[in-house]
Amino acid sequence: MSTDAPPILELRQIRKEYMLRQGMLARLRGGGKPFAAVDGVSFAVPRGSIFGLVGESGSGKSTLAQIIVRLIEPTSGTMLFNGQDVAGLDRAAAQRFRRGVQMVFQDTGSSLNPRKRVRRVIAEALAARGVTRANAATETARLMDRVGLDTPMLARFPHELSGGQRQRVGIARALAMAPDLLVADEPVSALDVSLQGQIINLLQEINASLGLSIVLISHDLAVVARVCSALGVMSKGHMVESGPPSRVLVAPEHPYTRTLLAAVPSGLKGRRQTDRTLMDAFAAGDMAAATAPVGSEA
Amino acid sequence: MSGPLLQIDGLHIAFGSRSVWRDVVRGVDLRVSAGEVVGLVGESGSGKSLTALSVMGLLPLGAKVSSGRILFDGTELVGMRDGAMNKLRGRDIGMIFQDPLSALNPAIPVGKQIVDSLRTHASMTRRAAEARVVELLDLVGINQPAERARAYAHELSGGMRQRVMTALAVSSNPKLLIADEPTTALDVTVQAQVIGMLDRIRRDLGIAVLFISHNLDLVASICDRVSVMYAGRVVESGAVEPLFDAPRHPYTRQLLRCVPRLDGGTGPMPTIPGLPPRFGSVLPGCAFTPRCVVSQARCSAQAPPMRRESGHLSVCWEGVP
Amino acid sequence: MIRLHRLVNGFGGPAGFLGALIVIALLVMAVGAPWIAPRDPLLVDISNQLLEPGGQFPFGTDQSGRDVLSRVIWGTRASLSVSAIAVVIGMAGGVTLGLIAGFYRGGWIEQITVRFLEAISAIPILIWAIALVGIFGVGDMRVGPFVLANEAKLMILLGLLYIPTLARVTYTTALVQSQANFVLARRLQGTGGLRIMVSDVLPNCLSPVIVQATLLLAIGIIIEASVSFVGLGVQPPTPSWGNMLADARNYLMSGEWWISVFPGAAISLAVVGFNLLGDGLRDRLDPRHAAAVLAT
């Protein structure tokens, strides 16, 4: 892989508008105000890297994830995959692209079909990629080993697995498609602290050993800081700041990033130093200037 | 008043039906003194929420207190009749939940709900109650309280709802507020605001708080004392600073290392290997043994001793000759 | 003992279990009528007209001397088959429509289907049934090369009328299930819509459909009885609970209570049975209930 290879993914001025729901009459008149869930976002993910997307609910990061995996089409903007504009792809190439970008979901109980055993979940993915039945068994065993699950788990239903195990199955399902890019949408936010590290480490291992590029979406700055080589901070549809964590999280330039960092509970250390005053400030609403971009709290 | 405000002794809570009951909370002791903030931390399935719900007499269907005592202000709550419990619940103990939307009536303006509660519990006149609502909403940091009082729950943001819920919970001047994961569903900036608000009202009102959370950093930032639960038992408890500075139980130590930190460096994240025991499975010794980095031969077979040093309790064989 | 307990819980508790027992008993009667019924239900015997229950005729005889017990047993067959086949037709149509409308949400397919279903549901099924049967008459009906007997016509009509109800139940669930992440994952694999609908969405929509279908079986029995009572349904001499009641109308005041009470009781029992079973299944298949069972 040469250093001047194109980034695996590049977004240029991506914008996604939704029509705000108004009364029936207004809609009939063709009215309705457009609302930009994602507003002119540009960034690039170098091949083989982990890119972090950080933001709070309503920041547009999940819409962005759906655009990247092409579940929804952007209103305007260009998306390049491996240097190629995905909008101009013919049918076959578009299909190839779609299989090359896979997603790992937040485990909210709906990421796996409750009526399918693990074996079938993996088998369906392998079949979709065109793996022959003869090769499927060895491939399944390899994937299970890859994500750290024992083969007896193949006979289990999702409700018979723990949250961490379900997330491993979700990762195996994505890997079964042999993707070039993995979009992980809040992969650990539903897991207990003691298990989060296991899944994050697994994603890091996969990135290192397979060279798989990953877009990691998370609200947890500390997790992103640990594993990403670059990150973008989203707020109200905009990417307000981006760069390596050593810069963005150590010397943030945008006030929203600073607010976000200040809001992370810092335990005992914070209790002793700044937290008291900071919490008082939060409680009293003195942070108005800094929290203004959040907007939700009047 | 002598003795703690809330005293839980040897609490066992079982899940099951008819013939088969399995203990999921297995002998919890807990004290909350007047005006004190006590944190109850643990991961999912540790029994922390069930413990809190049992204080309110709100255990889910299929769960019951199988043994133990819960004393509130000297009154035994286990086996208390519903009528007496309701009275206590509304007046002396308030509670806030993870999901305030389900706890607020969608069809009644939020201010009116607080008015109703005030008129029931404090037998106030309508005018006095309405004035008090504005005070309460102001207390929990809601701007333009008089206007917000007329809003419906769905018109408010998540953080606002939690503030309203808190105003409702403290409207009857309770002695104890139980907060069960009050910020888990919120964004971090909103979480910081709600925690700041809780910290302020408990200092303003001198109310005791039992704060249930899975987030160690949150607990460390607002609690006076902490109990750490694992698999239905308290494994360590003590004042916040010594507990977080020098955790004595291996579970607490390992868990604290897992918390992601901004200055945590790069590379693999620390983890606790293995999985927590399945809900309600019976273990003779210490439940953490299979995942413990300092476990010994006796750990899985014999229940570990409770050892207390200057108020700091640890339930572990480590260092016992 | 524990096995019985499990079995009872399998139907959502004692009430649901009782419902299941009633339904099973009815099924046995319907299928086994030729062997269970003590006499020929059509055998007219003038010498035994209007006999009180007892002796040879436990449920008595009717105005033509036919054995009421045997007619009630054979009537099970007519009543249940009309009701059951109607539900099968309704499920085939309703589940398909609901599934498609829910899966392709936001499109014109959804709009048209939902509006159409709403329009039909605005009028109660019983009114529809009587109106339609009235329009099409009671005789056999020719549809191209096929001749539809009156019972078959009733089944099809009722089945068509069930479609909106079952479609709506399916639609509501399919709408939610189609948004689930496991469905998104399948779309990312490039799997076709039809395949995702059948293999991922449909299986997760069936629980509420089964509950609704059970309740519709009860409604079907009432409708069959009502339509036959006014002479538009199952035609004499074939016994059905509805036309037996119609025959008994003339004897209500003259004291021959057994002619009306036994078929009437059969209708009530069947309706109660299906309703108990439906409610039991609802409890059993409710995800919240399932979660509570899992936790133990």
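The values are calculated or read from the model by the stated rules, or taken from the named source; none is laboratory data. Note that the structure is predicted; figures quoted are calculated from it, not measured. Neighbour counts run over all protein chains shown; Cβ positions are idealised from the backbone, glycine included.
Here are the numbers for this structure:
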{"item": "Conditions (1) among the hydrophobic types (A, V, I, L, M, F, W, C); (2) surrounded by fewer than 18 Cβ atoms within 10 Å (Cβ to Cβ); (3) under 30 Å from C:Leu132 (Cα atoms); number of the one not met by C:Val176", "result": "(3)"}
{"item": "Criterion violated by C:Arg3 - all others in (1) within 22 Å of C:Ser79 (Cα to Cα); (2) within 14 Å of another protein chain (Cβ to nearest Cβ) satisfied", "result": "(1)"}
{"item": "Some residue of segment B:160-174 being within 9 Å of chain A (Cβ to nearest Cβ), more than 23 Å from the chain's Cα centre (by Cα) and buried (at least 23 other Cβ atoms within 10 Å of the Cβ)", "result": "no"}
{"item": "Pairs with Cβ under 9 Å, 6+ apart, first in segment A:145-166 and within 13 Å of chain B (Cβ to nearest Cβ), second among the hydroxyl-bearing types (Ser, Thr, Tyr) and surrounded by fewer than 17 Cβ atoms within 10 Å (Cβ to Cβ)", "result": "A:Gly163/B:Ser44"}
{"item": "Where B:Gly57 falls short, out of the listed (1) without any contact (Cβ under 8 Å) to a residue 40 or more places away in the chain; (2) over 24 Å from B:Met160 (Cα atoms); (3) surrounded by 17 or more Cβ atoms within 10 Å (Cβ to Cβ); (4) over 18 Å from the mean Cα position of the chain (by Cα)", "result": "(4)"}
{"item": "Residue that is in contact with an Asp or Glu (Cβ under 9 Å, 6 or more places away or on another chain), of a type in the set (D, E, K, R) and either surrounded by 22 or more Cβ atoms within 10 Å (Cβ to Cβ) or more than 20 Å from C:Gln189 (Cβ to Cβ) (or both), where the choices are A:Arg173, A:Arg156", "result": "A:Arg173"}
{"item": "Meets criteria (of a type outside the set (D, E, K, R) and either more than 23 Å from B:Asp23 (Cα to Cα) or modelled with pLDDT under 85 (or both)) for B:Gln296", "result": "yes"}
{"item": "Residues being in a helix (DSSP H, G or I), under 15 Å from B:Val315 (Cα atoms) and of a type in the set (D, E, K, R) - total across segment B:219-255", "result": "1"}
{"item": "Candidates A:Arg173, A:Arg247, filtered to the one that is at pLDDT below 95 and part of a helix (DSSP H, G or I)", "result": "A:Arg247"}
{"item": "Hits in segment B:175-215 - residues which are in contact with a His (Cβ under 9 Å, 6 or more places away or on another chain), part of a loop (DSSP other than H, G, I, E, B) and at the interface with another protein chain (Cβ under 9 Å from one of its Cβ atoms)", "result": "B:Asp187"}
{"item": "Count of segment C:188-202 residues which are at the interface with another protein chain (Cβ under 7 Å from one of its Cβ atoms) and part of a helix (DSSP H, G or I)", "result": "2"}
{"item": "Helices (runs of 4 or more DSSP H) wholly inside segment B:61-150 containing at least 3 residues that are within 30 Å of B:Gln7 (Cα to Cα) and either in contact (Cβ under 8 Å) with a residue 60 or more places away in the chain or within 14 Å of chain C (Cβ to nearest Cβ) (or both)", "result": "B:100-103"}
{"item": "Test: C:Leu51 is surrounded by 17 or more Cβ atoms within 10 Å (Cβ to Cβ), in a loop (DSSP other than H, G, I, E, B) and among the aliphatic types (A, V, I, L, M)", "result": "yes"}
{"item": "Candidate set from segment B:305-321 (those that are surrounded by 10 or more Cβ atoms within 10 Å (Cβ to Cβ), at pLDDT below 90 and not charged (D, E, K, R)); member that is farthest from B:Pro247 (Cα to Cα)", "result": "B:Val320"}
{"item": "Tabulated pairs, segment C:35-61, first free of Cβ contacts under 8 Å to residues at least 24 places away in the same chain, second acidic (Asp, Glu), C-beta under 7 angstrom, 6+ apart or interchain", "result": "C:Phe57/C:Asp67; C:Thr61/C:Asp67"}
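Per-residue answers, yes or no, for (1) in contact (Cβ under 8 Å) with a residue 60 or more places away in the chain; (2) touching a Gly at 6+ places or on another chain (Cβ under 7 Å); (3) closer than 17 Å to A:Val147 by Cβ:
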{"position": "A:Asp192", "(1), (2), (3)": "no, no, no"}
{"position": "A:Leu195", "(1), (2), (3)": "no, yes, yes"}
{"position": "A:Ile199", "(1), (2), (3)": "no, yes, yes"}
{"position": "A:Ala208", "(1), (2), (3)": "no, no, yes"}
{"position": "A:Ser246", "(1), (2), (3)": "no, no, no"}
{"position": "A:Val250", "(1), (2), (3)": "no, no, no"}
